[in-house]
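The values are calculated or read from the model by the stated rules, or taken from the named source; none is laboratory data. Remember, predicted model here, so these are calculated numbers, not experimental data. Neighbour counts are summed over all protein chains in view; Cβ atoms, including those assigned to glycine, are modelled from backbone coordinates with ideal geometry. Only protein heavy atoms, including side chains, enter the accessible area calculation; ligands, DNA and RNA are left aside. Shrake-Rupley method; radii C 1.70, N 1.55, O 1.52, S 1.80 Å.
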Amino acid sequence: MQKKFEEYAKLLVEVGVNIQKGQNLIISCLVDNAWFARLCAKAAYDAGCREVIMNWGDEFLAKQKYFRASDDVFDSIPEWRVRFNTDYAREGAAFLHIAGDDPELLKGVDQDRLIRSSRASGEALKEYRQLQMSNACPWSVGAIPTPAWAKKVFPDCPEEEAMEKLWNAVLTAVRVDGSGNAVRRWKEHLDTLQVRIDKLNELRLESLHYANSLGTDLTIRLPEDHVWGGGDSVSKAGIHFIANMPTEEIFTAPLRDGIDGVVYAAMPLVLAGDIVDKFHFVIKEGKIVEVHAEVGEEKLKAETALDEGASYFGEVALVPYDSPIRSQELLFYETLFDENAACHLAFGEAYAECIKGGGNMTKEELKAHGLNDSITHVDFMVGTADLSITGKTRDGREVPIFVDGNFAL
């Protein structure tokens, strides 16, 4: 396993953020996972990194804060935190986030505190998020198992067995087997994604129509100059990086006011440290006008009301139902993995790279091209085994994009 851990750390650093010689690397990680952060730091220095700067987190203290801190704490973000993220992003540092949180860490926390904290953070870090979403700096998100997460995925297993099973699932998802061939496997995977990306871009789609037996009946219009992407992205400095590891998606941005119908979630969503399940949205002219959920409805309503853009959509992502992650037949309770097991949508901020030349556009210019702006971006899964997606081209042709949950292209 040690060889696999080292190969995974090297993959995140050399392929995920693609660290360059003389570049700084910011690693965000829980203190309980320091051992893996150290492997990533070693790999970064081996690759010529200028300095590794740690951004530690602690689940125990985070939970204590929400339950016990003074109430005014949740209305602002310290200036040093804003400067830390924004200044490093401005200079083009690479950002690696190592996830692995307890999916139900903040269950029972006062909803008002969560909302105010999200709004304060979103507003204070708006420039940092804009730099990230426009690929001003390379960034990547990976994850490693923790006992709380493992027990949620494998509730009937002893902790040690649950951890072993989740590690095997994670490493399989990121194509790491200890042989040292993960980089080659990722190049082959990226080449496969690029073939489909090229086909979608050649179609010049005007809209997509989603339908399945859950009740989804949704039409999504696309900006005229939209661009499909996936696999790796390119920073403004020309550095290729992979934002999510694993990644199986091909994505673009919808037209902000161009979505109508109803869409049902196919999987639970971990949102703000709690679980939302069996939910659906009713959407008119791009705006979410109704939110329904059997579990976590108030939390979901609050997230879609963080700001005006939170009730509109920012991403349309295509993932085949027979993806390597879905084939493991696991619910990971971690969006990084679950979103790569099924087609998904995201309400909130759109990625600038989804518009031709968007990386060099201002917020106002992106809005003029039909992209949504928000302080949040939340992915939720909509793909099922019977999902059909039909595309309509700008010359009026109808093209099957997905049939029975998988690509028809």
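Annotations for the structure displayed:
- Ligands, DNA and RNA are left out, and with a 1.4 angstrom probe the accessible area of the chain is 42 Å² per residue.
- For the range 299-369, the spread of Cα positions along the three principal axes, ordered from largest to smallest, is 43, 32, 13 Å.
- Couplings 3J(HN,Hα) of the range 318-332, computed from phi: 9, 9, x, 5, 8, 4, x, 6, 5, 5, 6, 6, 10, 9, 7 Hz, in residue order, whole Hz [Karplus 6.51 cos²θ - 1.76 cosθ + 1.60, θ = phi - 60°; x for Gly and Pro].
- With 20 Å bins beginning at zero, the pair-distance distribution over Cα atoms of the chain amounts to 27, 63, 10 %.
- Percent accessible area from carbon and sulfur atoms, the range 146-235, protein chains only, probe 1.4 Å: 48
- Whole-angstrom gap from the range 4-77 to the range 219-275, using each part's C-alpha centre: 24
- Across the range 37-46, coupling constants 3J(HN,Hα) worked out from phi with the 6.51/-1.76/1.60 Karplus curve, θ = phi - 60°, read 4, 5, 4, 5, 4, 4, 4, 5, 5, 4 Hz, and Gly and Pro carry x.
- With the alpha-carbon atoms of the range 263-391 aligned to their principal axes, the span from lowest to highest coordinate is 42, 32, 27 Å, starting with the largest.
- Applying 1/(1 + (r/R0)^6) with r as the Cβ-Cβ distance of Val403 and Asp71 and R0 = 45 angstrom yields a FRET efficiency of 0.30.
- Rolling a 1.4 angstrom probe over the range 278-409 with all protein chains present gives an accessible area of which 46% lies on carbon and sulfur atoms.
- Within the range 1-148, all pairs of alpha-carbon atoms sorted by distance into 10 Å bins from zero give the percentages 11, 36, 35, 16, 2.
- Using a cut-off of 31 Å between Cα atoms, the listed pairs Lys165/Lys199; Lys65/Lys301; Lys151/Lys284; Lys165/Lys392 include Lys165/Lys199; Lys151/Lys284; Lys165/Lys392 as exceeding that distance.
- Protein accessible area in the range 4-100, 1.4 Å probe - carbon and sulfur %: 49
- Surface accessible to a 1.4 Å probe, Ser235 within the full protein complex, Å²: 10
- Within the range 295-382, GluC sites (Glu not before Pro) in DSSP loop having at most 16 other beta-carbon neighbours inside 10 Å: Glu329
- Simple spin-label estimate for Asp87 and Glu188 in nanometres, 7 Å along Cα-Cβ: 4.6
- By the helix-only formula, in which each DSSP H run with n ≥ 4 contributes -39500 (n - 2.57) and the sum is divided by residues, the chain has a 222 nm mean residue ellipticity of -9500 deg cm²/dmol.
- Computed over the range 1-132, relative contact order equals 30 percent, with contacts defined as Cα pairs under 8 Å that lie 6+ residues apart.
- Of Lys356, Lys199, the order by accessible heavy-atom surface (1.4 Å probe, DNA, RNA and ligands excluded), from most exposed downward, is Lys356, Lys199.
- Orientation-averaged projected area, Cα convex hull of the range 170-222 (nm²): 5.8
- Sequentially through the range 233-245, phi angles give Karplus couplings (6.51, -1.76, 1.60; θ = phi - 60°) of 10, 10, 6, 5, 8, x, 8, 6, 8, 10, 5, 10, 10 Hz, Gly and Pro residues having no value and appearing as x.
- Within the chain, DSSP assigns beta bridges of which about 75% are antiparallel (rounded to the nearest 5).
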